[in-house]
Amino acid sequence: MIQSMTGYGKSVLQLPTKKISIELKSLNSKNLDVNARMPSTYRAKELDIRKDIAKQLVRGKVDFSLYVEITGEETSSKINKTVVQEYIKQLKGVVDGDATELLKMAIRLPDAVTTERDDIDEEEWGLIANGINEAISKIVAYRKDEGAILKQDFINRIGTLKQLLEAVIVMDPERIDGVRARLEKGISEIKEKVDENRFEQELVYYIEKFDITEEKVRLDNHLDYFIKALNSDDSNGKKLGFISQEIGREINTIGSKSNYAPMQKLVVQMKDELEKIKEQLLNVL
């Protein structure tokens, strides 16, 4: 089943002292491009996060965000009591002031406050990792829902191309008769006598040049192959893109060989449908 590269997933964890919010957003891209935002505390796990995202999302421009909101008594900054007391002692020998004023001055001096970088708690990280997997699962589900909509659109447009191809097939004998009539008319306007055998040879040659039998067969096969690839278990937008290029090649050849205005109008409609398919394929995983 095809998947879109557009998606969104979110999970929220409430831990004893903090609230963790995890968000994933993705848009279409030729390759995987992950932009990760998270507190420095969890940077050691970034490579693991990227591997999980790459394994399940495969392609797309992905924004990963991990937000932390402290809800309990937790801080990584601590007052260095020994240093502050020594500063106050020294300040008393320099200036007069009450204890509060001396404390305000001491706390601003170097090393009065230290910031500790906590190691990642593995039990806590296990919960966060589950939250990340939940967010990834939600974005995958979103992509599949979008993919189902795209699939139906492709089926409808391939059906339209089939109908237009059928109209071309029905019209083709009339087109060939028109080519023959124009050639015969051109010859009849020449006053000189014409070798009938030579004329028939030249007529066959020109009609073969305008023959689109192979293009009609190949185009029909490519349209069937597109639907077959669309219904496969995997989502392969690149493969569908290659098939659409082959479809376009046959449509262009029919247009250049047709030399018949009513058929060229059908070719224009086919090109329009195919262009819409190609635009949508840019968003298929």
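Within segment 1-46, which residues are farther than 26 Å from ILE277 by Cβ, of a type in the set (S, T, N, Q) and assigned to a loop (DSSP other than H, G, I, E, B)? I'd like the intermediate steps shown before the answer.
So the first thing to find is which residues in segment 1-46 are farther than 26 Å from ILE277 by Cβ, and the list is 9-24, 34-46.
Next, from what is left, pick out any that are of a type in the set (S, T, N, Q): 11, 14, 17, 21, 35, 40-41.
Passing the criteria: only THR17.
Of everything in segment 1-14, what is open to solvent by 60 Å² or more (accessible area, probe 1.4 Å) and either in contact with a His (Cβ under 8 Å, 6 or more places away or on another chain) or of a type in the set (A, V, I, L, M, F, W, C) (or both)? Give them in sequence order.
Step one: list which residues in segment 1-14 are open to solvent by 60 Å² or more (accessible area, probe 1.4 Å), which gives 1, 8, 10, 12, 14.
Hits for segment 1-14 are MET1, VAL12.
Please determine, by comparing only the residues of segment 29-64 that are over 22 Å from the mean Cα position of the chain (by Cα) and either surrounded by 16 or more Cβ atoms within 10 Å (Cβ to Cβ) or β-branched (Val, Ile, Thr) (or both), which one is farthest from TYR142 (Cα to Cα).
Ranking the qualifying residues of segment 29-64, first place goes to THR41.
Given the criteria open to solvent by 80 Å² or more (accessible area, probe 1.4 Å) and more than 20 Å from TYR142 (Cβ to Cβ), does THR17 qualify?
Here the answer is no, as THR17 does not meet what is asked.
Scan segment 96-106 residue by residue and report those that are exposed (fewer than 10 other Cβ atoms within 10 Å of the Cβ) and farther than 18 Å from LYS81 by Cβ.
ASP96, ASP98
The values are calculated or read from the model by the stated rules, or taken from the named source; none is laboratory data. These numbers were taken from a predicted model, which means no experiment stands behind them. In this analysis, Cβ positions are derived from the backbone assuming ideal geometry, glycine residues included, and neighbour counts consider all displayed protein chains. Areas reflect the complete protein model, heavy atoms only, side chains present, ligands, DNA and RNA absent. Shrake-Rupley method; radii C 1.70, N 1.55, O 1.52, S 1.80 Å.
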